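The values are calculated or read from the model by the stated rules, or taken from the named source; none is laboratory data. Just so it is clear, the model here is predicted, and its values are computed rather than measured. Neighbour counts run over all protein chains shown; Cβ positions are idealised from the backbone, glycine included.
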Amino acid sequence: MTTQTPLSYPVFDLATRANPQAVYNQMRASDPIWRATGPQTSNTIWFFVDYEDVVAVLKDDKHFIKDARQLPRHIAQRYINLEPDPVWDTINGHMLMRDAPDHTRLRRLVHKVFTPRAIQALLPRIEQIADDLLDEMAGQHETDLINTYTFPLPITVIAEMLGVEADKRDKFREWTNILLFSPDPSLNQTAAMEFVMYVNQLIEQREQEDTGDILSGLVRAEEEGDSLSREELLSMVFLLLVAGHETTVNLMGNGMLALMQYPDQFEMLKQQPDLINSAVEEMLRFNGPVETPTTRFALETVEYKGHVIEQGDILLPSLLGANRDPKVFDDPNTFDITRDPNPHVAFGMGVHYCVGAPLARLEAKIALSKLIERYPNMALNTVVENLEWNGSLLIHGMKALPVTY
């Protein structure tokens, strides 16, 4: 049985974030299931890049879990602080870090306020926000599209949904950037504490008055007599804010980059704007906003395709890798906005499938349609090699996207 592989790949290198597919293609050719050693912790990490394997890991919530606390104590302490920590327990207590039955209960309560009808009702407001941002861009000839459009649109939407004041939205961006990307423990602790203190205030206000936003709905959500605890509410707000804007920022940013790199596809979309639905799906497949989902752990030692995955090993199924698997997608490295079928896994799969997927799709369709209609001659204002990408294996996106228009 295979327990290790002879080759090494620069998966963890910062430079790889600009073009992870080059590394994943190499892995697919020789080690589609690759056993690595964490560069900082020396923990065993299994990478999966083939579609079949990624789907298998995502759907197997019996053997592969999210909550390290389910592991034996001597293994769990390699990954988490087992001593109570009110701030960090709150930040990490959301449903992406939980397994059944907790995950099932939390997801059911969120679904009560995050309904398709509630999402669709946001359409006029999303259109208005997009129009206002495009108006602000008028009269200029170049900009950083991330800063002026793809970031402010989704953060405004999710902040309004949660009742966050306009003057706090930049602060939320700062907090989430630190918590997602900063290696500084002191900065992380400060950001977490500030976030918890502020959201506590919002929750207390909603407990006194139902303001009709999603946070009010979460405060009052019940299912068979069950409701969200204060810690769960805080964790859920953190998850919704991060997932509600960071992924959509990069869906739109990466998507516009693809259009500018493939002018024939850009021109086709201009001529046939009704292709926006399939175009967004191809953006999700071709260069999606999430490289690997949040960490999974092997609950027990299992054998998978000849590989022995030990209890407590980390599993990182690559969504980006799966979405370029030539066994599933014809010409996977070609950006094709008419691709059909397109069974990408950009939003994950299984019980942890992204609850915000309908909102992300709606925002991207509206925002990109309006952007292209208003500024059809938009072009990249640098060479691709100069673009700076975030260093996270989780969030796949650029720090800035300079364009002319």
> Which one is nearest to LEU153 (Cα to Cα) among residues in the range 96-123 that are assigned to a helix (DSSP H, G or I) and of a type in the set (Lys, Arg)?
Replying inline: ARG117
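Give the residue, chosen from ALA400, ALA364, ALA379, that is at pLDDT 95 or above and closer than 30 Å to LYS327 by Cβ.
Working: ALA400 fails: closer than 30 Å to LYS327 by Cβ; ALA379 fails: closer than 30 Å to LYS327 by Cβ.
Checking each option against the conditions leaves just ALA364.
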> Only one of (1) surrounded by fewer than 16 Cβ atoms within 10 Å (Cβ to Cβ); (2) touching a helix residue (DSSP H, G or I) at 6+ places or on another chain (Cβ under 6 Å); (3) in a helix (DSSP H, G or I) is not met by ILE366, so which one is it?
Replying inline: (1)
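Being of a type outside the set (A, V, I, L, M), modelled with pLDDT of 95 or more and farther than 26 Å from MET268 by Cα is the requirement here; does GLU373 meet it?
no
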>> Can you go through GLN26, GLN21 and tell me which one is in a helix (DSSP H, G or I), within 24 Å of the chain's Cα centre (by Cα) and over 28 Å from GLN77 (Cα atoms)?
In response: GLN21
>> Every residue in the range 232-274 that is of a type in the set (Phe, Trp, Tyr) and modelled with pLDDT under 95, please.
In response: PHE238
> Does THR292 fit the bill of being hydroxyl-bearing (Ser, Thr, Tyr) and assigned to a helix (DSSP H, G or I)?
Replying inline: no
> Which residue pairs have Cβ atoms closer than 6 Å, lie 6 or more positions apart in sequence or on different chains, and pair a first residue in the range 213-232 that is on the phi < 0 side of the Ramachandran plot with a second residue that is of a type in the set (Gly, Ala, Ser) and in a loop (DSSP other than H, G, I, E, B)?
Replying inline: ASP213/GLY163; LEU215/GLY163; GLU231/GLY93
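Looking at the range 222-240 only, could you name the residues that are farther than 23 Å from THR294 by Cβ and outside any strand (DSSP E or B)?
GLU224, GLY225
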> What residue, of GLU222, GLU207, is charged (D, E, K, R), under 20 Å from PRO86 (Cβ atoms) and out of contact with any His (no Cβ under 7 Å at 6 or more places or on another chain)?
Replying inline: GLU207
> Would you pick out the residues in the range 84-123 that are among the basic types (Lys, Arg), surrounded by 14 or more Cβ atoms within 10 Å (Cβ to Cβ) and either in contact (Cβ under 8 Å) with a residue 40 or more places away in the chain or farther than 19 Å from GLY348 by Cα (or both)?
Replying inline: ARG105, ARG107, ARG108, LYS112
> What is the residue count in the range 18-32 for residues that are buried (at least 20 other Cβ atoms within 10 Å of the Cβ) and either more than 19 Å from PRO332 (Cβ to Cβ) or among the hydroxyl-bearing types (Ser, Thr, Tyr) (or both)?
Replying inline: 1
